[in-house]
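Visitor: Structure provided below as structure tokens; questions to follow.
Where a number appears in this text, it was derived from the coordinates with a stated rule and is not lab data. Keep in mind that this is a model prediction, so the values were computed, not measured. Glycine also receives a Cβ, built like all others from the backbone with ideal geometry; neighbour counts cover every protein chain displayed.
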Amino acid sequence: MTIATNISKTLMEITGEPRIEIAILELLKDAIEHRIEKINAEIKTLEGKYIMSFDEFKSKFNSGKIPDSYSYGVETDYLEWEGLMNRLSKYNSLISSLI
């Protein structure tokens with residue numbers, strides 16, 4: 001792997017790791033963990049808004065037990081929440097593959 005000297009030095013300064021491949025893996029892991037934290041914060045906001053987990057919300061949404069379930073706001077929350085859950089799963093898989 002060929003990496004420019006300035007990038008190589010920066011990777012070493014950030015991670016303290018002289019081996020480029022390991023330094024890149026550490027940065028990737030940190031970036032993914034940061035995204036997971038952001039997603040978890042957004043999920044907690046939705047859990048607080050509806051006072052339930054996504055699985056509960058999805059079940060109630062699909063059975064018509066969520067008030068105004070077909071309003072723009074509720075549908076938007078559902079789609080956003082579902083996307084967050086999918087991204088969380090994807091990022092958790094990525095982290096597992098890096099470790």
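Visitor: Once you've got the GNM for the chain with C-alpha springs shorter than 10 Å, pick whichever of SER53, SER71, SER89 has the biggest mean-square fluctuation.
Guide: Most flexible of the set in this elastic network: SER71.
Visitor: Only sites in a loop by DSSP and with at most 13 other Cβ atoms within 10 Å count here; which chymotrypsin sites (Phe, Trp or Tyr not before Pro) in segment 31-96 make the cut? Write down the numbers at each step before the final one.
Guide: Details: sites: TYR50, PHE54, PHE57, PHE61, TYR70, TYR72, TYR78, TRP81, TYR91; in loops: TYR70.
The qualifying sites are TYR70.
Visitor: Note the per residue figure in Å³ for the convex hull of the C-alpha positions in the chain.
Guide: On the way: hull volume 12.6 nm³, N = 99.
Cα convex hull per residue, to the nearest whole number: 128 Å³.
Visitor: If you build a Gaussian network model of the chain, linking Cα atoms that sit under 10 Å apart, which residue out of ASN62, ASN86, ASN40 swings the most?
Guide: ASN62
Visitor: Under the rule that an exposed site lies in a DSSP loop and has at most 16 other Cβ atoms within 10 Å, name the longest stretch of the chain with no trypsin sites (Lys or Arg not before Pro) of that kind, not counting the sites themselves. Intermediate results must be reported in sequence, preceding the final value.
Guide: Numbers: sites that count: ARG19, LYS65.
In the chain, the maximal stretch lacking such sites is 20-64.
Visitor: Multiply the residue gap between SER53 and SER89 by 0.36 nm, knock off their C-alpha separation, and tell me the result in nm, one decimal place.
Guide: Details: separation 36, 0.36 × 36 = 12.96 nm, distance 1.51 nm.
Gain in length upon complete extension: 11.5 nm.
Visitor: Taking every Cα atom in segment 52-99, find the radius of gyration and the maximum pairwise distance Dmax, and write them in Å.
Guide: That works out to 13.6, 43 Å for Rg and Dmax.
Visitor: Here is a further query. Treating only the Cβ of Lys, Arg, Asp and Glu as charged (+1, +1, -1, -1), what charge dipole size does the chain show about its Cα centre? Round to the nearest 20 debye.
Guide: I would put it at about 100 debye.
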